Amino acid sequence: MKRKIIYSIFLLIIIIRTVQSQGKSDSLYGNVKRINEKVVFLTKAENAQIINYDDYGHSGFMGPEETISKFHNIWYSSQGCYYLNYERYFDKKRRVVKDIWYGKKDNFINSYKYKYDEKERLKSAIDSSKYSVKTENHYYTDDNDENIIVENLDANSFSHTYKKIKDGKIILLKEYDKYGVIDEYRYQYNENRKLAYRVYKDPNSWRKVDEKTFSYGVYDSIITPYKDIINEYDSKNRLTKQQRFNLYDDEKYQNPVLTNETIYEYKNDNISSITKHYKEGNSNYSYYEWDNSNRLTKKYCCDQNISKAIMIEEYRYKNDKISVLNYSEETFEKGKKKKYHITFLYKFDNQNNWIEIIKNVNGKNLYKWIRDIEYY
């Protein structure tokens, strides 16, 4: 199940970045050696309101990329602000070699160290906190297949992932837990090298306990593989539909069930809508508008009629950076919206990298996002 969740999150991140990339890119120019990013709350009220449980929210610190992605999304898409405070070191090939993450008081949270082989592939990663150390080692065969061993002795955890690679694509993935249980996935691609479907060999199955009860787990029974992801593409090889299936949700405990279906529509080569239907009968709708420079100008949900939308984001740009966000969301009183006028004020260094953004909400400076950049 873990690998299925990871794939879902990974695909969602790709879609979100595709939709939101214009104007929100934080590209680094020049030969960067180190970058330190931190957000500063400019009012005590906002600081207390946002950081009310943990410096990184109720879910805690989620890891480097997840935290950065969440921060960027909230920063550019709403009136609020998530938390961010880290140092990242690069080698001369712009590969990340070390991350150090901090809390609000610059207290140590986590560190990450990365090593690469002579082919520039990730060789090892060490994730260290004050509570435990997790090591991740990558081993490659002459055919470029990959074995990944992850250990955390403090947590008594172990996993082994095997990837079979063909023409740069994963065609087989096996994930072993510390008990030897195997989740197996086989990937089938279309003629354009896009994923057509994935076959999942679930080690778990349903077993009848009595006339009214079934249990779900690992048993000595025949495992029936099934397609858990099916993708469809248009003539331009753009993803238009994805269906996801799960055996666990089968009420008769025999056949995989369609748990959700996502439909993607395009206009002038940009995503114009994303519609997601769920097994339970509910649906989510998001709509997008773009300018002639392929920059996102408007996003709203969850009705095709914008006058009935419960959330609206409208963007304006200056020098290809977001300068204004007009954000509105429906209040608890249906039909009424709370509106926010948000501006972003940038400062740049001599390499044309921004080093400070002040986020002003309804005329008040609330947050400052700072980048300290060191070059080779």
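Select the strands (runs of 3 or more DSSP E) contained entirely in region 197-260, then report the ones holding at least 2 residues which are at pLDDT 80 or above, more than 22 Å from residue 279 (Cα to Cα) and among the hydrophobic types (A, V, I, L, M, F, W, C).
Of the strands (runs of 3 or more DSSP E) lying wholly inside region 197-260, none has at least 2 residues that are at pLDDT 80 or above, more than 22 Å from residue 279 (Cα to Cα) and among the hydrophobic types (A, V, I, L, M, F, W, C).
Can you name every residue in region 140-159 that is exposed (fewer than 12 other Cβ atoms within 10 Å of the Cβ) and either touching a Leu at 6+ places or on another chain (Cβ under 6 Å) or closer than 26 Å to residue 179 by Cβ (or both)?
141, 153, 154, 155, 156
Looking for whichever is within 22 Å of the chain's Cα centre (by Cα) and more than 19 Å from residue 66 (Cα to Cα) here; the options are 161, 141. Which one fits?
Checking each option against the conditions leaves just 161.
Please pick out the residue among 84, 122 that is surrounded by fewer than 18 Cβ atoms within 10 Å (Cβ to Cβ) and hydrophobic (A, V, I, L, M, F, W, C).
Just one listed residue meets the conditions, 122.
Go through region 303-332 and give me each residue that's in a loop (DSSP other than H, G, I, E, B) and crowded, with 16+ Cβ neighbours inside 10 Å.
Passing the criteria: only 309.
Output the number of residues of region 140-152 satisfying the condition of being touching a Lys or Arg at 6+ places or on another chain (Cβ under 9 Å) and more than 18 Å from residue 169 (Cβ to Cβ).
Total satisfying the criteria: 3.
Pick out the one residue from 143, 127 that is among the charged types (D, E, K, R), assigned to a strand (DSSP E or B) and on the phi < 0 side of the Ramachandran plot.
One residue alone meets the criteria, 127.
Please determine whether any residue of region 176-191 is hydrophobic (A, V, I, L, M, F, W, C) and either under 30 Å from residue 254 (Cβ atoms) or at pLDDT below 95 (or both).
Yes, that holds for at least one residue.
Mind listing whichever residues of region 53-90 are on the phi < 0 side of the Ramachandran plot, assigned to a loop (DSSP other than H, G, I, E, B) and in contact (Cβ under 8 Å) with a residue 12 or more places away in the chain?
55, 56, 61, 78, 79, 80, 81, 82, 83, 84
If you scan region 103-132, which residues turn out to be over 21 Å from the mean Cα position of the chain (by Cα) and either closer than 30 Å to residue 42 by Cα or polar (S, T, N, Q) (or both)?
Answer for region 103-132, where residues must be over 21 Å from the mean Cα position of the chain (by Cα) and either closer than 30 Å to residue 42 by Cα or polar (S, T, N, Q) (or both): 103, 104, 105, 106, 107, 108, 124, 128, 129, 130, 132.
The values are calculated or read from the model by the stated rules, or taken from the named source; none is laboratory data. For clarity, every value in this text was computed on a predicted model and none was experimentally measured. Neighbour counts are summed over all protein chains in view; Cβ atoms, including those assigned to glycine, are modelled from backbone coordinates with ideal geometry.
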